[in-house]
Every structure is written in C-alpha cells, then in structure tokens.
Amino acid sequence: LIAKNLLNDLLPFCERAEIAGSVRRQKPEVKDIEIVVIPKMRKVLDMFGAESGSVSELQEKMPYLLGYWNAYAIKNGEKYKQISLNDHFIKLDLFIVNVETWGYQFAIRTGPADYSHWLVTQKKYGGALHSYARIENARVIVNGKPIQTREEEEFFDFLDLPTLAPEKRAAPNGFKTK
C-alpha cells in the first residue's frame with residue numbers, strides 16, 4: 001500500500017513510473033521500496049523565446065514531495081535518489097531512467113540482486129549477457145553503440161531468455177557474484 005501511494009504521488013511528474021524490487025517480486029518482507037521512473041521534461045526558453053534546454057518536472061517537485069512524505073533525501077542525484085520515509089521507517093530508492101533504457105533498468109531493478117548480476121555478467125563469466133555486449137553508463141552496448149531496450153521484454157529477447165514473472169526470478173545455481 002505504501003509503495004502504491006508513493007507511485008501515485010510520483011505519476012503526475014512522470015511519463016512512466018513502476019514499482020520494482022521486492023515489492024514487484026511479491027516478497028512478504030520488504031526492506032526498501034524501489035520505483036523506476038521516466039520524468040516528464042519541460043522545455044526551458046531563453047529571454048528571446050528560443051529553447052535553451054529542459055528541466056525535469058520530478059526534480060522541480062522533489063522538495064514538495066519530500067515535505068508531503070515527511071521524508072528527506074539521503075542521496076539526491078540526477079539518476080538515483082535514496083529517500084528516507086520517516087513515518088514508515090523505510091527507504092525509497094528512486095531510479096531515474098529514459099525511454100531507451102527502461103527495459104534494461106526495470107529488469108535489473110526488479111532483481112533479486114544475484115539475478116540482476118547474472119543478467120549483466122557476460123556469458124564467458126557464467127552470466128546471461130552475450131560476450132559481444134557490455135554494460136556501460138546504464139546502457140547495453142553492442143559494437144560500440146547503445147541498443148534500445150524500451151521494454152523489459154526487449155532486454156530479455158536480446159539475451160535470448162524468457163521474460164520470467166518477477167516472483168520466479170533467481171540466478172542459476174552455482175552463479176556467484178564477485
């Protein structure tokens with residue numbers, strides 16, 4: 001219920017937002033809430049009316065949300081925010097992504113951790129990632145170029161893996177993270 005309420009509070013400032021992590025995997029005990037978002041961007045105009053950039057509506061509204069949630073930011077980066085929710089004694093991990101990386105990010109942020117590590121480890125090291133690919137700057141890179149993973153299924157298709165239900169995800173037996 002807490003995660004759903006947080007998600008509903010975030011949605012007006014996001015193009016897309018979904019609950020990930022242990023909540024998505026339907027775990028009975030949740031240590032933190034993870035939400036992946038694509039923020040709405042608003043164009044910024046200079047004094048002559050020419051577009052001079054853009055700003056994240058989510059970033060603009062974050063002070064308001066923190067006050068509304070009786071929370072404070074532990075980490076407040078552009079791509080990751082960790083927020084302590086005082087009234088609930090739980091942390092919110094907010095992952096800020098873009099349309100091109102949504103699928104990859106949503107998959108690894110759903111976890112569990114060993115499964116996520118397995119997904120991004122090259123096959124030659126016992127993982128699921130093709131040995132001709134790598135992960136760089138939160139993107140899947142092939143032949144020096146980022147590939148789009150707009151949906152989670154696209155990332156799993158790229159890996160030649162079925163898209164398992166979140167609650168069934170686990171690293172293969174014997175896989176160890178470094």
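The values are calculated or read from the model by the stated rules, or taken from the named source; none is laboratory data. The shown structure was predicted, so the numbers you read here are calculated from the model rather than taken from an experiment. Here the Cβ is made from the backbone with ideal geometry for all residues, glycine too, and neighbour counts use every protein chain on show. Side chains included, ligands, DNA and RNA excluded: accessible areas come from the protein's heavy atoms. Shrake-Rupley method; radii C 1.70, N 1.55, O 1.52, S 1.80 Å.
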Next on the checklist: So, taking all protein chains as they sit and a 1.4 Å probe, how much accessible area belongs to ARG25, in Å² rounded to tens?
Outcome noted: 40 Å²
Checklist entry - Taking only C-alpha pairs under 8 Å that are 6+ residues apart, what is the relative contact order of the stretch 50-178 in percent? => result 18 percent
Checklist outcome for this item: Reduced to Cα centres, the span from the stretch 87-114 to the stretch 16-83 in Å works out to 11 Å
Checklist outcome for this item: Note to self: with every protein chain in place and a 1.4 Å probe, the chain gives an accessible area per residue in Å² of 58 Å²
Checklist outcome for this item: With DSSP loop assignment and no more than 16 other C-beta atoms within 10 Å, the trypsin sites (Lys or Arg not before Pro) in the stretch 37-131 are LYS79
Checklist outcome for this item: Diffing the stretch 24-39: the Karplus 3J(HN,Hα) column from phi (6.51, -1.76, 1.60, θ = phi - 60°), in whole Hz with x for Gly and Pro, holds 5, 7, 6, 6, x, 10, 10, 8, 8, 10, 10, 10, 9, 9, 10, x
Checklist entry - So, with a 1.4 angstrom probe, what is the percent of accessible area on the stretch 44-178 that is carbon and sulfur? => result 51 percent
Next on the checklist: I'd like the projected area of the stretch 1-99, averaged over all directions, using the convex hull of its alpha carbons. Report it in nm² with one decimal.
Outcome noted: 6.9 nm²
Item to check | Percent of alpha-carbon pairs separated by more than 20 Å within the chain | outcome: 57 percent
Item to check | Which of PHE155, PHE89 is most accessible, then next, and so on - probe 1.4 Å | outcome: PHE89, PHE155
Checklist entry - Going toward the positive end of the dipole of the stretch 11-83, with +1 on Lys and Arg Cβ and -1 on Asp and Glu Cβ, which of PRO63, ALA73, SER22 do you reach last? => result SER22
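Explain nothing, just the number: dipole magnitude of the chain about its Cα centre with +1 on each Lys and Arg Cβ and -1 on each Asp and Glu Cβ, in debye rounded to the nearest 20.
Values: 25 positive and 23 negative charges, 116 e Å.
In debye, rounded to 20, the chain gives about 560.
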Checklist entry - Just from its helices, what would the mean residue ellipticity at 222 nm be for the chain, if runs of 4 or more DSSP H residues each count -39500 (n - 2.57) and the sum is divided by every residue, rounded to the nearest 500 deg cm²/dmol? => result -7500 deg cm²/dmol
Checklist entry - By accessible area of protein heavy atoms, probe 1.4 Å, what ranking do GLU51, GLU18 get, highest first? => result GLU51, GLU18
Checklist entry - In whole Hz, what ³J(HN,Hα) sequence does the stretch 150-163 give by Karplus (6.51, -1.76, 1.60; θ = phi - 60°), x for Gly and Pro? => result 5, 9, 4, 4, 4, 5, 5, 4, 4, 7, 6, 10, x, 7
Checklist entry - Which residue, chosen from ALA50, VAL120, ALA138, occupies the Cα position most advanced towards the positive end of the dipole of the chain, where the dipole is computed from +1 (Lys, Arg) and -1 (Asp, Glu) charges on Cβ about the Cα centre? => result VAL120
Next on the checklist: What three numbers, in Å, describe the spread of the alpha carbons of the stretch 45-119 along their principal axes, ordered from the longest?
Outcome noted: 52, 34, 14
Checklist entry - How much of ILE19 can a 1.4 Å solvent probe reach, expressed as accessible area in Å² and rounded to 10? => result 30 Å²
Checklist entry - THR101: accessible area at probe 1.4 Å, nearest 10 Å²? => result 10 Å²
